[in-house]
C-alpha cells in the first residue's frame, strides 16, 4: 500500500517542526543565560578593575602603556570562566535522553529520528527504536572536542578585541561611559568578537552557535545513516 498524500504531508510537517525546534527552548535559554552572566561580570567587575589601573583626570582615561595588556588578560580570564567553561558544561551535561548521554548527543539522536521519518515517508522499513552506534558515539566526542577548540579561538579573539578597545580608549581620551558604549553591541550585550565586518555580542554568537551547530549535528546523524 502506497503512502497517501495526506500521510506524506503530515510526516513532512513533523519533520520540519522537529528540525526548526532545534535547539529546544530550554537548552537555548540555558546557553544564552551565559551572556547575561558575562554582561554583569564585565560591567560590575572588569570595568572597575580597568579603572583601578588607570589615571583618570576629569573623567577622562589617561594613557598608560601596561594597562591594555593587563586589562586584556583579566577580561580573557573572566570570559574563560563564564563563557567558555559554561559552553563546555552546556555541551557535556546530561541531556534529555534515557542513557545519560551529554546534551550534544540529544541533537544527534534527533537527527536519527528525522532519518527515521524520512524512511517512513519513502515507504521504506524504519526502526521503532534508535540507538547510537560506537562509531556515532566516537563522532559525537570528536565534534565536542572541535566545538570546545573553536570556542578557545573565540576567547583569544575576544581578548584581542578588548585589549585594542582599552588602548583606543586611553589614546583618544574616552570616559568610562564612552568605553562601555564602544564595547556594547546594538542588542545591549557586551561584544564578543568581530564576524566579517561587524562586531557581535556574546549573546548573538551563542545564539548562532546553538542553532547552527546543534542543527548541524542532526544533519550529520541523518547523512550518516542514509
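The values are calculated or read from the model by the stated rules, or taken from the named source; none is laboratory data. This is a predicted model, so every value here is computed, not measured. Here the Cβ is made from the backbone with ideal geometry for all residues, glycine too, and neighbour counts use every protein chain on show.
Annotations for the structure displayed:
- Residue 144 meets each of the listed conditions (1) surrounded by 17 or more Cβ atoms within 10 Å (Cβ to Cβ); (2) without any contact (Cβ under 8 Å) to a residue 60 or more places away in the chain; (3) farther than 18 Å from residue 110 by Cα apart from (3).
- Here 56, 50, 75 are screened, and the one residue that is at pLDDT 95 or above, touching a helix residue (DSSP H, G or I) at 6+ places or on another chain (Cβ under 9 Å), surrounded by fewer than 13 Cβ atoms within 10 Å (Cβ to Cβ) and more than 30 Å from residue 218 (Cβ to Cβ) is 56.
- Residue in segment 171-189 that is assigned to a helix (DSSP H, G or I), on the phi < 0 side of the Ramachandran plot and in contact with a strand residue (DSSP E or B) (Cβ under 6 Å, 6 or more places away or on another chain) present: no
- Checked against the criterion of being over 21 Å from residue 157 (Cβ atoms), surrounded by fewer than 16 Cβ atoms within 10 Å (Cβ to Cβ) and in contact with a helix residue (DSSP H, G or I) (Cβ under 7 Å, 6 or more places away or on another chain), the candidates 64, 69 yield just one match: 64.
- Per this entry, residue 119 is not counted among residues that are under 30 Å from residue 3 (Cα atoms), surrounded by fewer than 18 Cβ atoms within 10 Å (Cβ to Cβ), touching a helix residue (DSSP H, G or I) at 6+ places or on another chain (Cβ under 8 Å) and without any contact (Cβ under 8 Å) to a residue 40 or more places away in the chain.
- Residue match in segment 199-206 (condition: outside any helix (DSSP H, G or I) and in contact (Cβ under 8 Å) with a residue 60 or more places away in the chain): yes
- For the criterion of being under 26 Å from residue 22 (Cα atoms), in contact with a helix residue (DSSP H, G or I) (Cβ under 6 Å, 6 or more places away or on another chain) and in a strand (DSSP E or B), residue 192 passes.
- Subset of segment 210-226 [under 30 Å from residue 165 (Cβ atoms) and surrounded by fewer than 20 Cβ atoms within 10 Å (Cβ to Cβ)]: 211, 212, 213
- For segment 19-47, the set of residues classified as surrounded by 18 or more Cβ atoms within 10 Å (Cβ to Cβ) and either without any contact (Cβ under 8 Å) to a residue 40 or more places away in the chain or at positive phi (or both) consists of 46 only.
- Of all residues in segment 166-197 being under 23 Å from residue 28 (Cα atoms) and surrounded by fewer than 15 Cβ atoms within 10 Å (Cβ to Cβ), the one that is modelled with the lowest pLDDT: 195
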